[in-house]
Amino acid sequence: MSDDNQYQPPKVWQWQSESGGQFASINRPIAGPTHAKTLPVGKHPLQLYSLATPNGVKVNILLEELLAAGHAGAEYDAWLIKIGDGDQFGSGFVEINPNSKIPALMDYSTETPTRLFESGSILLYLAEKFGAFLPKDLKGRTETLNWLFWQMGAAPYLGGGFGHFYAYAPEKWEYPIDRFAMETKRQLDVLDRALAETTYIAGDDYTIADIAIYAWYGALAEGRLYDAGEFLSVHEYKNVQRWAASIAERPAVQRGRMVNRTFGEPAEQLHERHDASDFETRTQDKLGEV
């Protein structure tokens, strides 16, 4: 590429127009609400506002796992936040999460309602609240949190990096795709080497770290993320494949992946979840098209 064709950054950046791509219409350099909208509140103490993206799926799965383990207090209402329509910029949502990202959760079982945002924070809060999927011994807890925070720091290179330039950018550019494909494969190798030594990522027990990592890297290993499985040769990571397959078989994981899902096969979608029976009757059938 000649110097004449290279982008020359201005001295001071200014937002002048949409940059293009699938999510350009909702990207902006300022925070805060764009419109007034009160969020609905259902019958359960836990109120989830989300969409079944990888970050959203994490909390869905944990809540379903908690219920499957007998924690009745984990019953929840899951309300759909359509990020393509800008629901996350409504005033009610921004009150819970000033960062305007899903998932967001309200816990009304506390003396004063507790707001929660950032998927890793929600996972840790729920695990501590119910005493489940987080080891109680210091060493096991620390190893679990090592991997939970690894996921929080690593996944932006997979999602906002590789995923954006490979799947969503308005044009295909070799440099960023190569750069983030290399980093994504390095991360898969990190996981594969770790999982060669343990059943689950932090040891012998299934934890919130597995749930967080599976939502991104399990989906990638299974070929469900960005349609990039062949491009990244994900079949080469045998330990990741074994781990992802074992988690995918869990009924709570299968249910969690359905919650707030509005894409893919209709049988795998549950637009809203207010009761366990909704998995059979489908809220979208009750509500009409969403």
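Return the equivalent ellipsoid semi-axes of the range 113-209 as a descending list in whole Å, where each equals the square root of 5 times an eigenvalue of the C-alpha gyration tensor.
30, 19, 8
Taking the chain on its own, what percent of its Cα-Cα pair distances exceed 25 Å? Walk me through the intermediate numbers first.
Working: 21272 of 41905 pairs.
In whole percent, the long-distance tail amounts to 51.
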The farthest towards the positive end of the charge dipole of the chain, of the residues 246, 156, 5, given +1 on Cβ of Lys and Arg and -1 on Cβ of Asp and Glu, is 156
How many percent of all Cα-Cα pairs in the range 204-281 sit more than 19 Å apart? 42
Label-point separation (nm) for residue 138 and residue 189, each offset 7 Å from Cα along Cα-to-Cβ? 3.5
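Quick one: which of 140-146, 43-49, 230-236 comes out on top by average Cβ neighbours within 10 Å, and what's the full order, highest first? Let's see the in-between values first.
Numbers: 140-146: 16.6, 43-49: 19.9, 230-236: 14.1.
So the peptides 140-146, 43-49, 230-236, ranked by packing, come out 43-49, 140-146, 230-236.
On full extension of the chain, what length is gained from residue 111 through residue 168, given 0.36 nm per residue of separation minus the C-alpha to C-alpha distance?
Values: separation 57, 0.36 × 57 = 20.52 nm, distance 4.33 nm.
In short, 16.2 nm is gained.
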Computed from the beta carbon distance with a Förster radius of 22 Å, FRET efficiency for residue 12 and residue 99 to the nearest 0.05 stands at 0.35
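Taking only DSSP H segments of four or more residues, each worth -39500 (n - 2.57), what value at 222 nm results for the chain once the sum is divided by all its residues, to the nearest 500 deg cm²/dmol? The partial results should precede the final answer.
Values: 10 runs with 108 residues, N = 290.
Per the formula, -11000 deg cm²/dmol.
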Cut-off 17 Å, label 7 Å out along Cα→Cβ of residue 27, residues of the range 164-189 by amide N: 164-181
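Assuming R0 = 25 Å, can you tell me the calculated FRET efficiency for the pair residue 5 and residue 85, based on Cβ-Cβ distance, to the nearest 0.05?
Values: r = 37 Å, r/R0 = 1.46.
After rounding, the FRET efficiency stands at 0.10.
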A correct Stokes-Einstein calculation for the range 174-244, using the alpha-carbon Kirkwood radius, 20 °C and 1.002 mPa s, returns a whole-number D in µm² s⁻¹ of 173
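What is the mean projected area of the alpha carbon convex hull for the range 29-155, to one decimal in square nanometres?
Over every viewing direction, the Cα hull of the range 29-155 projects on average to 8.6 nm².
Bear in mind these aren't lab numbers, they're just calculated from the coordinates by the rules spelled out. In this text the structure is predicted, and so the values were computed from the model without any measurement. Positions of Cβ are generated from backbone atoms using ideal geometry, with glycine treated the same way; all protein chains shown enter the neighbour counts.
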